[in-house]
Amino acid sequence: MPHTTTMKAVVYEKPFSVVICDVEKPEIQHPDDIIVKVTTSCICGSDLHMYEGRTAAEPGIVFGHENMGIVEEVGTAVTATALSCLSMWAAVDAPTAKKAALPSVPTSIQDLLAVPTGEKCTTVTLYVAMGPYKGGQAEYVRVPFADFNALKLPPGKEHEADFALLADIFPTGWHGVKLSGFKPGESVAVFGGGPVGLMAAYSGIIQGASEVYVVDRVQERLAKAQEIGCIPIDFSKGDAVDQILKLRGGREVDRGVDAVGYQATTGDGKTEQPNVVLESLIRLVKPTGGLGIPGLYVPKDPGAPDSAAAKGYISFPFGKLFEKGLTIGTGQCNVKMYNRYLRDLIIAGRAKPSFVVSHEVSLDKAPEAYDKFDRRIEGYTKVLLHP
Ligand SMILES: NC(=O)c1ccc[n+]([C@@H]2O[C@H](COP(=O)([O-])OP(=O)(O)OC[C@H]3O[C@@H](n4cnc5c(N)ncnc54)[C@H](O)[C@@H]3O)[C@@H](O)[C@H]2O)c1
């Protein structure tokens, strides 16, 4: 059926350029879909990999996987009883996830109640290679597998910015700490003070870390880390591992989180060295400790600094890793495993992740926001877009 209505959306034009375009307003295409009128969509560090042309993302796609809004229309099969055992990732690529038979996520019926028309929810949609869905940096978004995907939120404007972070970034930071095998009382070093790193550091604090180090070189990000009680480490001023070991009298840390990923740089902030954080963490974490790696690594990188990294081959000292008996946990965050609990922590006043939000702008300011966030200038740390 031809589309009669259009809407504004953030469209990927070419590397380092997004534009605001009129695109077709989404419609229900499958009985499991809902249409959400977007109130807030976030820009993620993951979007920057696509923005910089460092993924297989094709020009013309609508960006945005961290979405929040009001349900406008509900598909006929969206019901209260659709129990699901797919992960959040499955919500954007269900056929693959079904094949992969991902572990089941314990879910109560209450949390799977379909979000009815007029109610508020967060959802996750597009990321490159995760299905044919359009992103939510737009006025409306079609949400597939909505019984599972949409997380119901209380009505009203309270906690608006905190809730927006439930679609991805807060669960991802939490997940990073969990992946490291963290236990209360332990020390954690988080590499990367972007939104994921800051959320990991904050999760470490909420989960009972004795000390949290945050490594970055962007001053505003290090300042935010300090604000929440972490120890900031500026890696432009010298090797981060040496700095942390010196502060700890030579003692290694219990856990390490890589919240940087394959576009990690050396201290100059420009020269990419994809293995630098992995090498550092293997040096810094104590024997039998653990590494959580939510930072993204891709199987194909069109702009990689060498031919091995272009195919996703990243070298790191596996011998040392073996010798120390370190564990590694990595992968896309299973958002659904955490988001309703993190929502409840926010409602209970025990978590306020919105400290990470640096800018809230209208959708038409997205091109400027992408540019500044990508260059990590003027304090751009986490940007919320409002259509
Ligand atoms: N696993 C998941 O589900 C998931 C979800 C969201 C984001 N991510 C990934 O997490 C990573 C971080 O995301 P973000 O939004 O915080 O991105 P970001 O780009 O804003 O932050 C990365 C930070 O790392 C810093 N950095 C670069 N090299 C470093 C080094 N050698 N040591 C320490 N810090 C260094 C940069 O200065 C920057 O502040 C990205 O790779 C993103 O794709 C993963």
Label point distance in nm, Glu24-Ile377, each placed 7 Å from Cα along Cα→Cβ: 3.9
Mean Cβ count within 10 Å, highest first, over the residues of peptides 133-143, 155-165: 133-143, 155-165
GluC sites (Glu not before Pro) restricted to DSSP loop in region 173-230 with at most 15 other C-beta within 10 Å: none
Rg over Rh, two decimals, the chain (C-alpha only, Kirkwood Rh): 0.96
Sorted peptide list for 44-52, 328-336, 369-377, criterion being average Cβ within 10 angstrom, highest first: 44-52, 328-336, 369-377
Unit charges on C-beta of K, R, D, E only; dipole of region 278-387, Debye: 500
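Using per-residue counts of other Cβ atoms within 10 Å, averaged over each peptide, order 355-363, 257-265 from highest down.
Most protected by this proxy first, the peptides run 257-265, 355-363.
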Cα-based reach from Lys372 at 16 Å (exclusive), listing lysines while leaving out same-chain residues under 8 positions away: Lys270, Lys382
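Here, each number is a calculation from the coordinates, and none is a lab measurement. Predicted model, so just to flag it, every value in this text is computed and none were measured. Reconstructed Cβ throughout: ideal geometry from the backbone, glycine too, with neighbour counts over all protein chains shown.
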